[in-house]
1. Quick one: count up the residues across the range 230-241 that are in a strand (DSSP E or B), touching a residue at least 24 places away in the same chain (Cβ under 8 Å) and surrounded by fewer than 15 Cβ atoms within 10 Å (Cβ to Cβ).
2. Taking D100 as the residue in question, decide whether it is of a type outside the set (F, W, Y), assigned to a loop (DSSP other than H, G, I, E, B), modelled with pLDDT of 95 or more and out of contact with any strand residue (DSSP E or B) (no Cβ under 7 Å at 6 or more places or on another chain).
3. Contact list please: Cβ distance under 7 Å, first residue in the range 65-81 and among the acidic types (D, E), second residue assigned to a strand (DSSP E or B), pairs at least six apart or on different chains.
4. Do any strands (runs of 3 or more DSSP E) lying entirely in the range 306-400 carry at least 3 residues that are closer than 30 Å to T243 by Cβ and not aliphatic (A, V, I, L, M), and which ones are they?
5. Residue by residue through the range 338-361, note down the ones that are farther than 17 Å from N393 by Cα and either surrounded by 14 or more Cβ atoms within 10 Å (Cβ to Cβ) or modelled with pLDDT of 90 or more (or both).
6. Which members of the range 271-295 meet the condition of being of a type in the set (A, V, I, L, M) and in contact (Cβ under 8 Å) with a residue 60 or more places away in the chain?
7. Looking at the range 120-140 only, could you name the residues that are surrounded by 15 or more Cβ atoms within 10 Å (Cβ to Cβ) and part of a strand (DSSP E or B)?
8. Which pairs have Cβ atoms under 9 Å, sit 6 or more apart or on different chains, and link a residue in the range 322-337 that is under 17 Å from F361 (Cα atoms) and at pLDDT 85 or above to one that is among the acidic types (D, E) and in a strand (DSSP E or B)?
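The values are calculated or read from the model by the stated rules, or taken from the named source; none is laboratory data. None of these values were measured; they are calculated from a predicted model. Note that we place each Cβ from the backbone using ideal geometry, even for glycine, and neighbour counts take in every protein chain shown.
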Amino acid sequence: MKMKKRLLSILLSLVLVLGLVPGMSLTAYAAPAETLLTTIRPTGQTTYSETTSGVVTVSHNNTNYDGSGRYGWQWDNAGTLTVSGYEEYTITKVIFKQWDYDPFTDSSAPFELHFDNGRCLENFQMNGVASIEVYGYANKAAQTITAADVTATYGDTDKKISSTTNGNGAISYAVKDGSAEYIDVNSSTGALTIKKVGTATVVVTAAETDTYVQATKEVTVTITKAAATPATITANNRTYDGTDKPLVNVTGKATGGEMKYALGTNATTAPDASAYTTDIPTKTDAGTYYVWYKVVGDDNHTDSEPACVTVTIEEQKQSQDEGDDTQQNPDGTKTVTKENADGKTISVTNYSKTDEQISQFVFKKANGTKLDLKNVNSKSLKTVVVPATVKANGKTYKVTRIRKGFLKNCKQATKVDIGKNINTIDKNAFNYGKKVKIVVIRGKLKKVGKGAFKNTKKNVIIKVQTNAKNFENNKKLLEKSGLPKNATVKRVKNKK
C-alpha cells in the first residue's frame with residue numbers, strides 16, 4: 001500500500017511539471033473511486049470462484065463448515081485463505097468477518113488469512129471466515145487501433161493515414177523520431193506531406209478516456225520515386241548552309257532530373273547509357289540524324305524512357321530546271337511551276353528571296369485541263385490561297401476540286417481562300433485544318449463532301465463571296481455536309 005501511494009505521488013508531480021511546459025497540455029484522469037465489488041459468503045466448497053460477477057477467486061483449505069452463517073469456513077489446524085482478483089479488476093482492500101468478532105481488513109496484496117491450531121494469526125478472535133467483502137474498481141479496457149500502412153509516390157498530395165479504434169479515445173498522429181526528413185503529418189487528420197523518397201513511420205495514438213487506456217500503433221509510410229519528365233524536344237530541320245548548329249530545339253525544362261542527349265544510328269534502337277551527355281548534338285553536313293534524349297532522375301525520380309527525334313539537314317537547293325516556269329515576284333520572291341516527271345501532277349513552289357522554300361502546292365491532273373488540289377506543303381504558311389488557274393508548259397488549267405486532307409503538311413494554316421473555279425470539296429477535306437478559322441469561297445459549289453469542314457475551328461467563319469443565288473446554293477451544301485457546332489456562313493459582296 002505504501003508503494004502504491006508513493007507511485008501515485010510521483011505521477012501527480014509529473015502531471016504538474018508537464019502542465020507548466022509552454023505549448024503542452026495533459027488531461028489527467030483521477031484514480032477510480034473505491035467501491036464494494038462483491039461480498040462472498042462461504043459455502044461447503046473447498047475452493048470458491050466468484051463466477052457471478054467475475055471479480056475474485058477464493059482458495060482455502062478449511063476443515064469445517066458452519067452452514068448457519070455465523071462461523072462459515074473454520075480451521076482446526078494450520079491453513080491459508082487467499083483472495084485473488086481477476087485481471088479486469090484492481091483490489092484495494094478485503095475485509096474478513098466472522099460472527100460478531102472484530103473484522104480484519106487487509107489493504108495490500110496478497111490478500112490472505114493464516115490459521116494455526118484453530119486460530120487466525122491476523123485476528124486471534126477468529127477461527128474462520130463467515131463473509132468476505134472485496135473493495136476496489138474495474139480496470140480500464142484496452143483500445144485496439146486499426147490502421148493500414150501507406151505507399152505513396154513522391155509528389156503525391158492526396159495521401160493520408162486512416163485509422164479507427166474500438167474504444168472512444170481521440171485519435172492523433174505524429175511523425176516518429178528519425179522520419180521527419182521524409183514526411184510531415186497533420187496531427188488531427190492524418191494527411192501526409194511527402195518530402196523525400198524513403199521509408200518513414202507515423203505513430204497513431206488513441207487517447208486515454210474514463211473507460212479506456214491509451215493505445216498506440218506504428219504505421220509504415222513507403223515513398224517511391226516519381227517518373228521524371230523531359231523538356232519538349234523538336235527537330236531543327238533546315239537546309240545546309242555550311243554552319244554548325246544544334247540538331248534539336250529545347251523548350252522548357254526537365255522535371256525531376258537532368259536532360260541528356262546522344263546520337264543514334266536509327267530511330268528504334270537507343271544508344272548505350274554511356275553515350276548520353278548534357279550537350280545538345282550539333283551538325284553541319286546535310287543528312288538524316290537521330291537525336292535520342294532522356295532525363296536522368298534525381299534522388300526522388302526515376303529516369304525517363306529514352307525518346308528519339310529524327311532531324312533532316314537538306315542539301316542546298318539547286319537552281320530550277322530550264323523547262324520550269326519561273327515567275328519573279330516584285331517583292332524579290334519567286335514562284336516556280338513545274339510539270340512533274342510522273343506526268344500526272346503539277347507543283348507550284350514559292351521561294352523566299354534567299355531561295356528557301358516557303359510553300360509548295362501539288363495538283364493532280366483530272367479530265368482535260370482541270371486540276372485537283374492534292375496537298376499543300378509548308379511548315380509556316382498561315383494563309384493558303386487556292387488559285388483559280390495554273391499555267392504550266394504554255395497550257396492553262398482550271399483548279400476545280402480540293403482533295404481530302406489537303407492540309408496534312410500545312411497544319412499552321414489559319415485562313416484558306418478558295419479560287420472561283422473550285423466546285424467540289426471532298427469529304428474530310430479539312431481533316432488537318434484544326435487552326436483554320438476563316439474560309440473564303442468565291443465560286444459556285446456543286447458538291448461538298450460529308451464532314452469536309454468538321455475539323456476546322458468550332459467557330460469557323462465561312463465567307464461566300466458570290467451573288468445572292470449562288471450564296472443560297474452554297475450555304476445549303478455547306479450546312480448539309482455537317483459544319484462545326486458554332487460555324488458561321490455569311491455572304492460577302494464581290495469587290496468591284
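1. The first filter runs over the range 230-241 and keeps only residues in a strand (DSSP E or B), leaving 232-235, 238-239.
With touching a residue at least 24 places away in the same chain (Cβ under 8 Å) added as a condition, the list becomes 233-235, 238-239.
Narrowing further to those that are surrounded by fewer than 15 Cβ atoms within 10 Å (Cβ to Cβ): 234-235.
Residues meeting the conditions: 2.
2. On the way: of a type outside the set (F, W, Y): yes; assigned to a loop (DSSP other than H, G, I, E, B): yes; modelled with pLDDT of 95 or more: no; out of contact with any strand residue (DSSP E or B) (no Cβ under 7 Å at 6 or more places or on another chain): yes.
Judged against the criteria, D100 is not a match.
3. Close Cβ pairs satisfying both conditions: D66/G72; D66/Q74; D76/N64.
4. Values: elements: 307-314, 325-328, 334-339, 345-351, 357-365, 370-377, 383-386, 389-392.
By residue number, 307-314, 334-339, 345-351, 357-365.
5. Keep residues of the range 338-361 that are farther than 17 Å from N393 by Cα, which gives 350-360.
Within the range 338-361, N350, Y351, S352, D355, E356, Q357, I358, S359, Q360 qualify.
6. Restricting attention to the range 271-295, the residues satisfying the condition of being of a type in the set (A, V, I, L, M) are 273, 275, 280, 286, 291, 295.
Listed by number, the list holds a single entry, V295.
7. Once the filter is applied, which keeps residues that are surrounded by 15 or more Cβ atoms within 10 Å (Cβ to Cβ) and part of a strand (DSSP E or B), the range 120-140 yields C120, G128, V129, S131, I132, E133, V134, Y135, G136, Y137.
8. That search, which allows pairs on different chains as well, returns T335/D325; V336/D325; T337/D325.
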